[in-house]
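The values are calculated or read from the model by the stated rules, or taken from the named source; none is laboratory data. Nothing here was measured: the structure is a model prediction, and the numbers come from that model. Heads up, the Cβs are rebuilt from the backbone with ideal geometry, glycines too, and the neighbour counts pull from every protein chain shown. Accessible surface areas use protein heavy atoms only, side chains included; no ligands, DNA or RNA. Shrake-Rupley method; radii C 1.70, N 1.55, O 1.52, S 1.80 Å.
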There are 2 protein chains.
Amino acid sequence: MSLLVVGSIALDSLETPFGKKDDVLGGSATYFSTTASFFGPVQLVAVVGEDFPEAHLQFLRGRGIDLEGLTREAGRTFRWKGKYGWELNEAQTLDTQLNVFESFSPNLPQAYRETPYVFLGNIHPELQSRVLDQVKAPKLVAADTMNFWIQGSRPALLKTLQRVNLLFINDAEARQLSGEHNVVKAARAILAMGPSRVVIKRGEHGALLFDQDHIFACPAFPLSEVFDPTGAGDTFAGGFMGTLASASYDKVDGQLLRKAMVMGSVMASFTVEKFSLERLREVKRPEIHARFAEFKKLTHFDDLGPLG
Amino acid sequence: MSLLVVGSIALDSLETPFGKKDDVLGGSATYFSTTASFFGPVQLVAVVGEDFPEAHLQFLRGRGIDLEGLTREAGRTFRWKGKYGWELNEAQTLDTQLNVFESFSPNLPQAYRETPYVFLGNIHPELQSRVLDQVKAPKLVAADTMNFWIQGSRPALLKTLQRVNLLFINDAEARQLSGEHNVVKAARAILAMGPSRVVIKRGEHGALLFDQDHIFACPAFPLSEVFDPTGAGDTFAGGFMGTLASASYDKVDGQLLRKAMVMGSVMASFTVEKFSLERLREVKRPEIHARFAEFKKLTHFDDLGPLG
């Protein structure tokens, strides 16, 4: 089934301990849609400026992503400049130029309005709500957010959350949103805000999926080389939502959600291996399946048996 | 099979955001031996002072722990005073009084010298080596260490490591010991120092087991209330080594090591639920087995199946 994503397309300038790149392809919707395109049809809603390279659009089109919802506006493309230290966990934002993204007002093509799976990338929560006003009867709405909106647009965010089934959020943001330091308490507080499920992302420590009654813990794939963590969270969401949307059965049950978590981790583990979307551009389906199998070896163990 | 532990017995004064306790039972050998005693026979080598309460010895004896290697010396018992903030990850040491522990020189009773499983708690690496001089043909030697020895007694520690099969170490210490920031590289560097296996403990993020060819990731049990993390690492080691020593089969293989990791996490999850050893004193075997089963629910997922 189809999957709709609304978010940013950016030109990123990145600095990590391993190198520096200017004006490379980035943005939440870019990472998400590229990743999700490995699993099935994706519809993209975003905006770029006059300076956005045609080659990038060709790349997205080449991945089978529906670009009817992508508009090109007068002005420059959204730009983000960030720097990572040796810790490679949180980026230090050096510069943000919203440019055409500042007046972004997502308008869904008719063909997108009945899409069953919706991912609201990290944009203003009022815009997220405006997207939901336009979709008819989504089967599952997932969203991402960030500290900037939690702090600056809390009422709008809380309104949006009441219409969201699943929230992706990192651990620091979960604490900020909930006012709870403990991750289990933070998750419960977020579940009380509307979503029936919350995924708390913990970078190199993996991710936790909570619903009212269950917790699933998925590690990050242990990599000896991490080059650029940019886009890891959106890649995770793309692998997760792509897995749900592509399932051959109709029920979003616990086992499918667990597979989605692992696939999110699998895809994120590829993204961080190279700069920008370089690794996602080259990775092949057999590698993805092989790494999924590696996750099983990484985490599974036998019953206790005759011990003790 | 029997399990030998050499380490500290302490009277701890603890302060957490949830309360304060003075002169409660603590020490690496205490947490380790109490935990391991759930799984089979344990032999303890440690020292206490004249002020050490008889009731604590009765408790250890009551758990079936062999105290022949425990000596009572003139002077006061080792005391540690620590404080935890809301993060509840790393203790701030407020005071350390070595007392009788300062001149501790482990001397193994004859009956201990053929014990197959040996755990060298976090003591001076030269003392750890001296213990190994006294054991005959151990099947598996595991050790713990800390930043203090990594920084101050590195040559002695490196010597000891050449005689150790498995090292338990936390992530910050693994970085310090190896000089590698990346956890996979840190583990590989430590494996090159002697141990054929290393367990990197990451507090609330769980633990990773590395050997030359495999990695096993075990999460920490997600708890909504953590009262006192003191002893979590030694409890982990006690559950781990107790599982190995109690196995009904002779081969320390990958599956047994995985179970040992999970049992370490299970036991540590109990310890942190209350102050000192309070929770370990009351926990019952069925609860332990039930939580082991919970870990399976927490981590296991189906094969990918017909997706994508």
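At 1.4 Å probe size, with every protein chain present, just tell me what the per residue accessible area of region A:161-250 comes to in Å².
On the way: 2990 Å² over 90 residues.
Per residue, region A:161-250 has an accessible area of 33 Å².
How about region A:96-158: which trypsin sites (Lys or Arg not before Pro) there lie in a loop by DSSP and see at most 11 other Cβ atoms within 10 Å?
Values: sites: A:ARG113, A:ARG130, A:LYS136, A:LYS139; in loops: A:ARG113, A:LYS136, A:LYS139.
Within region A:96-158, the qualifying trypsin sites (Lys or Arg not before Pro) (loop, at most 11 other Cβ atoms within 10 Å) are A:LYS136.
When only Cα pairs under 8 Å and 6 or more residues apart are kept, what is the percent relative contact order across region B:3-299?
Here the relative contact order equals 16 percent.
Rounded, prolate or oblate: which one fits the protein assembly as shown, using the alpha carbon gyration tensor with axes a ≥ b ≥ c (rounded when a/c is under 1.5, else prolate when a/b beats b/c, else oblate)?
Taking the square roots of the gyration eigenvalues as a ≥ b ≥ c, the protein assembly as shown is prolate.
Could you work out the relative contact order of region A:179-268, using alpha carbon pairs under 8 angstrom and six or more residues apart, expressed as a whole percent?
22
Calculate what fraction, in whole %, of the accessible area of region B:1-144 sits on carbon and sulfur atoms when a 1.4 Å probe is rolled over the protein chains.
Exposed carbon and sulfur together represent 45 percent of the surface.
Sort region B:3-299 into rounded, prolate or oblate with this rule: let a ≥ b ≥ c be the square roots of the eigenvalues of the Cα gyration tensor; rounded if a/c is under 1.5, and if a/c is not under 1.5, prolate when a/b is larger than b/c, oblate otherwise.
Note, shape of region B:3-299 comes out rounded.
What shape does region B:170-278 take by its C-alpha gyration tensor, where a ≥ b ≥ c are the square roots of the eigenvalues and a/c under 1.5 counts as rounded, a/b above b/c as prolate, and the rest as oblate? All intermediate terms of the calculation are to be shown ahead of the outcome.
Details: a/c = 2.15, a/b = 1.22, b/c = 1.76.
Here region B:170-278 falls in the oblate category.
Ignoring everything but the protein chains, give the 1.4 Å probe accessible area of A:SER129 in square angstrom, nearest 10.
Only protein atoms counted, so the area is about 20 Å².
Once all Cα-Cα distances of region A:1-139 are split into 10 Å bins that start at 0, what whole-number percent is in each one?
So the P(r) values, bin by bin, are 12, 41, 33, 12, 1.
List the lysines whose Cα lies under 18 Å from the Cα of B:LYS20, skipping any in the same chain that are fewer than 8 positions away.
B:LYS81, B:LYS83, B:LYS274
Going by a 1.4 Å probe on protein heavy atoms, which residues of region B:200-232 end up with at least 30 Å² less accessible surface in the whole assembly than in their chain alone?
B:ARG202, B:GLU204, B:HIS205, B:ILE215, B:PHE216, B:ALA217, B:PRO222, B:SER224
Read phi for every residue in region B:260-266 and hand back ³J(HN,Hα) as whole Hz from Karplus 6.51 cos²θ - 1.76 cosθ + 1.60, θ = phi - 60°, with x for Gly and Pro.
Along region B:260-266, the couplings run 5, 4, 5, 5, x, 5, 4 Hz.
For region B:138-169 and region A:113-140, write down the distance between their C-alpha centroids in whole Å.
With region B:138-169 and region A:113-140 each reduced to a Cα centre, they are spaced 55 Å.
Enter the accessible area of B:CYS218 (Å², nearest 10), with the probe set to 1.4 Å and all protein chains included.
So the heavy atoms of B:CYS218 present about 10 Å² to solvent.
Take chain A, mark every one of the chymotrypsin sites (Phe, Trp or Tyr not before Pro) that falls in a DSSP loop and has at most 11 other Cβ within 10 Å, then report the longest stretch left between them, sites excluded.
Numbers: sites that count: A:TRP86, A:TYR249.
Between the exposed loop sites, the longest stretch runs A:87-248.
Check the straight Cα-Cα distances from A:LYS296 and name the lysines below 18 Å, setting aside those fewer than 8 residues away within the same chain.
By straight Cα distance, A:LYS296 reaches A:LYS259, B:LYS259, B:LYS296, B:LYS297.
Starting from the Cα coordinates of region A:181-223, work out the convex hull volume and express it per residue in Å³.
Enclosed volume per residue, from the Cα hull, is 64 Å³.
Ordered shortest first, which distances in nm separate the 7 Å Cα→C-beta label point of B:LYS20 from those of the other copies?
List, nearest first: 5.2 nm.
Chain pair A, B: how much accessible area is buried, both chains summed, with a 1.4 Å probe, in Å² to 100?
Protein heavy atoms only, the A-B interface buries about 4600 Å².
Relative to the other copies, what are the label-point distances for A:HIS289, with labels 7 Å from Cα along the C-beta vector, expressed in nm at one decimal and sorted shortest first?
When each copy's label point is compared with this one, the spacings are 4.0 nm.
Considering only the other residues whose Cβ falls under 14 Å of the Cβ of A:PRO195, what net charge follows from Lys and Arg at +1 and Asp and Glu at -1?
Summing Lys/Arg as +1 and Asp/Glu as -1 gives +1.
Which of B:GLY239, B:GLY64, B:GLY179 moves most in a GNM of chain B, Cα contacts under 10 Å?
B:GLY179
When Lys and Arg each count +1 and Asp and Glu each count -1, what net charge do the other residues less than 13 Å away from B:LEU108, Cβ to Cβ, add up to?
In short, -1.
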